[in-house]
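Following: one structure in structure tokens, then a few remarks.
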Amino acid sequence: MPSEELARGFLYLSLTVVGVPSNIAVILALLLLLYQENRLLPADAIVLHLACTNLLVVGVRCLLVALALFRLANIFGDISCKAVIFIYRTFRGFSIWLTFILSAYQCLSIAPPGSCWASVRALVAHYLGLVFLFLWVLNTCMSSASITFSFGSQNNSSLTNDGFNLEFCYVLYPSKLSKDINGAVQLTRDVVPMALMTLASVIILVFLHKNSQRVKGLRSSGGSSGGVGGAEQRAAKSVVALVTLYVILYGVDNGLWVYTLTVRKTMSSPLVTDLRVFFSSLYAAVSPLVIIASNRKVNSRLRCVVQKKSAQEKVTSLSTM
């Protein structure tokens, strides 16, 4: 096996090893929360959907490519390439929009009670299921072109300048115009939520800064602190951390995407596409670690499960002595 393929295989494998267990841990913690409290708050429901989506991104793209690079499975024919690329693009887009919805909802959550923004928050919470459905339909429609233009082998050499080399699959467009239109649609799908979630995060940071200054002033004068509670502040900071991680990684991803659209020859090597997939999948693999570290509900339930399992192992070991 060439050293380049070996290195890429280990990179994809590392994303799988980190991303799959961490996303499963977040999913199980939130399902345990649902079982214990018989409901999920809107923010928790968004995080649950985000973890499920990221799990599929890592599992479908990173795991399957790692298996192919290590020659452990040969699954990339025409049909499987269409399925893998379609599922990956759909869930990748869904992950992006869910991160925006999470940041926007958290931004609305710090609005004063009785304000118009508090009413918007209640409206979003009430129709959250419809929001999820709309995002599913939107991203499915925007990824449908991959079904038509994805192939397991390069079976038409005349299209080599109007496509992308994905190592085991090829995305071949009939013309440069169709390639540019598809590229613009994909870029818009990423940039719009990126700009909106950045704006929401800036609003959250400004609000938290003003609230911190107000609390310091009230404490120095001996008054009641009021303002945003500790739980809301921790949740807001957690969301800002996720958005920062997203903007950095997907910023690199979209920069590489623009590069592939402006360069004429994109079929000779899969290197740029691999870098794009790596950075976008890195968010899906690392974001659950941020959630585990910063979300008290997830963290406490995982810790409870670990402690309970440790106690059971101690009882078992004592009984066998």
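The values are calculated or read from the model by the stated rules, or taken from the named source; none is laboratory data. None of the values given here were measured: they were computed from a predicted structure. Ideal geometry is used to build each Cβ from the backbone, glycine not excepted, and the neighbour counts take in all protein chains shown. What goes into the accessible areas is simple: the full protein's heavy atoms, side chains included, and nothing from ligands, DNA or RNA. Shrake-Rupley method; radii C 1.70, N 1.55, O 1.52, S 1.80 Å.
Annotation for residue 299 and residue 6: the two label points, set 7 Å from Cα along the Cα-Cβ direction, are 4.0 nm apart. Extending 7 Å from Cα along the Cβ direction at residue 119 and again at residue 309 yields two label points whose distance is 4.8 nm. 3J(HN,Hα) couplings calculated from phi for region 123-128 with the Karplus curve 6.51 cos²θ - 1.76 cosθ + 1.60 (θ = phi - 60°) are, in sequence order, 5, 4, 4, 5, 9, 4 Hz; Gly and Pro show x.
Using packing as a proxy for protection, rank 9-22, 201-214 so that the peptide with the highest average count of other Cβ atoms within 10 Å comes first. Let's see the in-between values first.
On the way: 9-22: 19.3, 201-214: 15.1.
The packing order, highest mean first, is 9-22, 201-214.
Scalar couplings 3J(HN,Hα) for region 246-253, obtained by applying the Karplus form with A = 6.51, B = -1.76, C = 1.60 to θ = phi - 60°, are 4, 4, 5, 6, 6, x, 5, 4 Hz; x denotes Gly and Pro. The figure for residue 237 is an accessible area of roughly 120 square angstrom, using a 1.4 Å probe on the protein chains alone. Of the peptides 56-68, 185-197, 124-136, the order by per-residue mean of other Cβ atoms within 10 Å, starting with the highest, comes out as 56-68, 185-197, 124-136. Once all protein chains are placed together, residue 4 keeps about 100 Å² accessible to a 1.4 angstrom probe. Once both labels are positioned 7 Å from their Cα atoms along Cα-to-Cβ, the gap between residue 70 and residue 111 label points is 4.9 nm.
Taking each of 82/179; 210/237; 237/297 in turn, the alpha-carbon distance never tops 20 angstrom.
Each peptide in 274-281, 175-182 gets a packing score, the mean of other Cβ atoms within 10 Å over its residues, and the list from highest to lowest is 274-281, 175-182.
Roughly speaking, what is the stretch gain from residue 260 to residue 34, that is 0.36 nm per residue apart minus the C-alpha to C-alpha distance, in nm to one decimal?
Working: separation 226, 0.36 × 226 = 81.36 nm, distance 4.36 nm.
Full extension from residue 260 to residue 34 adds 77.0 nm.
Backbone geometry of region 32-40 corresponds, through the Karplus equation with coefficients 6.51, -1.76 and 1.60 at θ = phi - 60°, to 3J(HN,Hα) couplings of 5, 4, 4, 5, 6, 9, 6, 6, 10 Hz, x marking Gly and Pro.
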